[in-house]
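Student: Let me begin by handing over the structure; questions about it come next.
FYI, it's all coordinate maths here, none of it is from the lab. Because the structure is a prediction, the values reported are computed rather than measured. Note that we place each Cβ from the backbone using ideal geometry, even for glycine, and neighbour counts take in every protein chain shown.
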């Protein structure tokens, strides 16, 4: 079974290593895989046969949130392969395709609410260079992909 586990997004690279060290130290044999995907931030997936062994591997690791509400029993809910495929497919559908020349709205940061035109795209860094349309002086701004929303395509 595959279990999603809520983790601190900023520590997503180190938490799986800490869990793996826990597994080796405690001699747990029922955990088969640990997976973190950059498309689904804040979650780690663990495949294993025994829920108690998974809880033991996660215990004591900072950044793992086994009880997000802060009270009650800790429950790990297994996901089927179909549910996981659906989750990843939905994330891919939500991703917007923004091209040079498109009109976007800035949804985060100091320029929140401003409309801008995309002048350049850096796919490796995931950033866009935009020119605010309503600003008195046209100064190019480099902004993250998650901070803009497509309003109108250039086509």
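Student: Express the Stokes-Einstein translational diffusion coefficient of region 103-152 in µm² s⁻¹, to the nearest whole number, given a Kirkwood radius over alpha-carbon pairs, 25 °C and a viscosity of 0.890 mPa s.
Tutor: After rounding, the answer is 231 µm²/s.
Student: Starting with the fewest neighbours, write out 51, 137 ranked by other beta-carbon atoms found within 10 Å of each beta-carbon.
Tutor: Listed from fewest to most nearby Cβ atoms, that is 137, 51.
Student: Right, here's the next one. Looking at the chain as a GNM with Cα springs under 10 Å, which of 84, 141, 15 has the largest mean-square fluctuation?
Tutor: Looking only at 84, 141, 15, the largest GNM fluctuation is found for 141.
Student: Continuing with the same structure: Hey, what angle do you get for helix 81-94 against the long axis of the chain, alpha-carbon based, 0 to 90 degrees rounded to 10?
Tutor: For helix 81-94, the angle is close to 20 degrees.
Student: Tell me, 19, 100 in order of fewest to most beta-carbon neighbours within 10 Å?
Tutor: Placing the least packed residue first, the sequence is 100, 19.
Student: Ratio of region 2-94's C-alpha Rg to 2.2 N^0.38 Å, to two decimals?
Tutor: This ratio for region 2-94 stands at 1.06.
Student: Continuing with this model, one more query. Cut-off is 10 Å between beta-carbons; in what order do 59, 80 appear when sorted fewest neighbours first?
Tutor: Lowest to highest Cβ neighbour count: 80, 59.
Student: Using a 7 Å offset from the Cα along the Cα-to-Cβ direction at both residue 10 and residue 26, what is the distance between the two label points in nm, to one decimal?
Tutor: It is 2.6 nm.
Student: Return the label of the correct value of Rg/Rh (Cα atoms, Kirkwood Rh), as calculated from the structure shown, out of (1) 1.13; (2) 0.98; (3) 1.00.
Tutor: (1)
Student: OK, next. Provide the gained length on full extension for the span residue 43 to residue 2, in nm with one decimal, where the gain is 0.36 nm per separating residue minus the Cα-Cα distance.
Tutor: Stretched out fully, the residue 43 to residue 2 stretch lengthens by 13.5 nm.
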